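The values are calculated or read from the model by the stated rules, or taken from the named source; none is laboratory data. The model shown is predicted, which means the values in this text are computed figures rather than measured ones. Please note: Cβ atoms are built from the backbone with ideal geometry, for glycine as well, and neighbour counts cover all protein chains shown. Ligands, DNA and RNA are stripped out before the accessible areas are found, and what is left, the full protein with its side chains, is counted by its heavy atoms. Shrake-Rupley method; radii C 1.70, N 1.55, O 1.52, S 1.80 Å.
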Amino acid sequence: MTSDGQEVPADAGLRQLCLSMRIELRRFLLARRIGEADAEDLLQDLYLRVQASVTGPVRAPRAYLYQMLNNMAHTRRRTELRQQSRDAHWLDAPAGAAGPDTEMADLAPDPETSLLARDHLARVEARLEELPERTAHVFRQYRVEGVSQKAIANELGISLSAVEKHLQRAYSAVLEIRSRLDPGATGRTGGTDDRAR
Amino acid sequence: MTGLAENTMRAEAIAWHLQLSSGGDADWDGFARWLEADPRHNDMYEAVYDADQALDPVAELARSSQEPAFTWFTPIQPSRARRWKWPGMAAAAALVAFGSWVGTGGLNSDYAVSTAPGEMRTLTLSDGTRIMLNGGSTIELDKNDTRVAELKAGEAQFTVHHDAQQPFTLTVGDQRIVDEGTVFNVRRAKSALRVEVAEGGVRFENGVNRLRLTAGDTLDASESGIVEGAKAVSDIGGWTRGRLVYRDAPLMEVTADITRARGIAIELGPDLSDRRFSGVIQLDGDAATLQKRVGVLLGLKVAATADGWSISR
C-alpha cells in the first residue's frame, strides 16, 4: 500500500518544480529562439503535460523538465515551418490538401517515403563503411539498436567519453549526408518536406 | 560556407545533442549558456536535431530490413558483451563463501511462496516491505528474519522498507542484491538474472564483484558475465500495473513475460527467435482479446492451440 502513495508526491513535486523554475525555463526558451508569446504558451503546455503524463517517480526532475521542454520547442518550430511551407504551397495545392489531417498523413509511411528512406540508408551505409569499424559499430548500436551510451561503453570495455568520441565522429559524417541531400537542411529553413519534390 | 567557425559550431551542436539525450542538470545549464553565447548556435543545434530525426525512418528500415544488401545488423557477440568475466574458480569460491548464509533452510524457519503462471500475489512483510510476485514465480522467506529473501524462480518487484542498520538482502543463486532504500524489480530465468532499479539504489554482489545500481540502472547477469544498462524508470515493473514495456527486446523475452503474467503457454516459431520488439503491451482483457492485440502489435500470426498460443509469421 505504501508504494502507491510514493508516486503522488513525486508528481506533485514535479508540478511544483515546474512553477519554481518558470523564470529559468522561460529564459531557456528564449535562448532556443522561441518568441515571448510562444514561450508562455509552451510553459503552460509543459505544466499540463507534467500533470497528464508523468506516472512514476522521476530520477532527475530538473533535467527531465528541460528535456521535455526542449523537445516541445523543437516540435513547435517544425510545426511552424511546416505551416509556412504549406502556406507557400497553398495556391498550387489541391483543395483540402492543407487540411488539419495533413500532419497525420505526413507520419504515415508511403511508398515515396520508404523509397527516400532506402536511398538515405544506402548513402548512410556507404558513409559508415569509410569510417573505422568500431566507430561504425558504436553508431549502429546507438542509433539503430537504441543501446545507451553507457551500455555500449560496457559492451566494448571502453570509457563513456570514448563512446562519445566515436559517436561525434560518426554523426559528423552521417549528418552531412542529410545536408547534401537537402541543401535547405542547414540553417533556419530546415528540411521539413523532402517529399515536396 | 563551411568555414572553420561553422565546423566548430557544428561539432559543438552534435556534442550537445549527444550529451543531452542523457543529460543531467549541469548539462542543461551548460547548454543554455552555449545557446546564449551566439544566436547561430540555436540554428546549428536545430539543424543537427532535424538531421538526426530524419534518420528515424532510416534506422527503422535498417532494423526491419530483411535484405542482405543492408548490413546494418551487427549483433552483439556474446563474448564482446561481457563487461568482465567471472572465472569458474571464483564462482565456486563465492558459493562456498555464501554457502552457510544461503543454507539457512536447516533452521526451518524458511517458507516458500509460489504462484502459478497467470497468478500474481502481493506479500507484505511485518516491517512494511512489500513484495509483488509475478506469475510462475517462487520466493523463499524467513519467518524469523524479514530482512532476507531468496528468489527461486520468476520475477518480483520489491518496495523495501529501508533500514540502514539492517539492509534487506535478496539472494538469487549465489548473487545478492542489497537494498539501499529502494524499489527494484528482479527477474530470474534459467541461468540469467535481471535487476532493474525504479527508485533509490541497490548494491549487487556475487562474491567477486560489487556494483552499485541507482534508479534507471539495469543489470543482466549470466554465467558469461554482467552487462549494465539503463531503462526509463516509468517502464520498470510495468507488469505490476498491467502493462509490459519493451525497447528492442527479443521476442523470447516478450512471450516469457506474457506466459508468466497471464498463464498462457506460447510456442514461438523457430524463425522468430532473433526477432525483436519495441512497444507497450496492455495485459488486460480476456485471452481472446489479448491474443488479437498481441498479434496486431507484433505484426505476426497468433493462433490458439490446445494449451496456449502458437506465434508464427
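Annotations for the structure displayed:
- Solvent-accessible surface of protein heavy atoms, probed at 1.4 angstrom with all chains present, puts A:R169, B:R176, B:R262, B:R121 in the order A:R169, B:R121, B:R262, B:R176, largest first.
- Reachable lysines, given that their alpha-carbon falls under 20 Å from the alpha-carbon of B:K292 and they are not under 8 places away in the same chain: B:K301
- Accessible area buried between chains B and A, both sides summed, probe 1.4 Å, in Å² to nearest 100: 5900
- Where labels lie 7 Å past Cα in the beta-carbon direction, separation of B:S273 and A:K165 in nm: 3.9
- The calculated FRET efficiency for B:S21 paired with B:T124, based on their beta-carbon distance and R0 = 35 Å, is about 0.35.
- If the segment from A:R15 to A:R118 were pulled out straight at 0.36 nm per residue, it would be longer than the present Cα-Cα gap by 32.8 nm.
- Average beta carbon contacts from partner chains per residue of A:136-149, 10 Å cutoff: 5
- For B:Y49, A:Y47, the ranking by accessible surface with the largest value first comes to A:Y47, B:Y49, using a 1.4 Å probe.
- Rough spin-label spacing in nm, given labels placed 7 Å along Cα→Cβ, for B:K143 and B:K292: 5.0
- Taking 0.36 nm per residue of separation and subtracting the Cα-Cα distance, full extension of the segment from B:Q282 to B:A5 would add 94.7 nm.
- Contact order relative to length of chain B, as percent, for alpha carbon pairs under 8 angstrom and 6 or more apart: 11
- Where a label projected 7 Å from the Cα of B:A153 along Cα→Cβ would reach, residues of segment B:185-216 with amide N under 18 Å: B:186-194
- Counting, for every residue in B:158-170, the Cβ atoms of other protein chains within 10 Å of its Cβ and taking the mean gives 1.
- ³J(HN,Hα) computed for each position of segment B:292-308 - Karplus, 6.51 cos²θ - 1.76 cosθ + 1.60, integer Hz, glycine/proline x: 5, 4, 5, x, 5, 5, 7, x, 10, 7, 10, 10, 6, 10, 4, 10, x
- Each residue of segment B:194-201 was assigned a 3J(HN,Hα) from its phi angle through the Karplus expression (A = 6.51, B = -1.76, C = 1.60, θ = phi - 60°), giving 10, 10, 10, 9, 8, 7, x, x Hz with x at Gly and Pro.
- Inter-part distance where segment B:149-179 and segment A:120-167 are each reduced to a Cα centre, Å: 36
- C-alpha long axis of helix B:88-102 to longest principal axis of chain B, angle in °: 50
- Helix axis angle, B:39-53 relative to chain B longest principal axis, alpha carbon, degrees: 60
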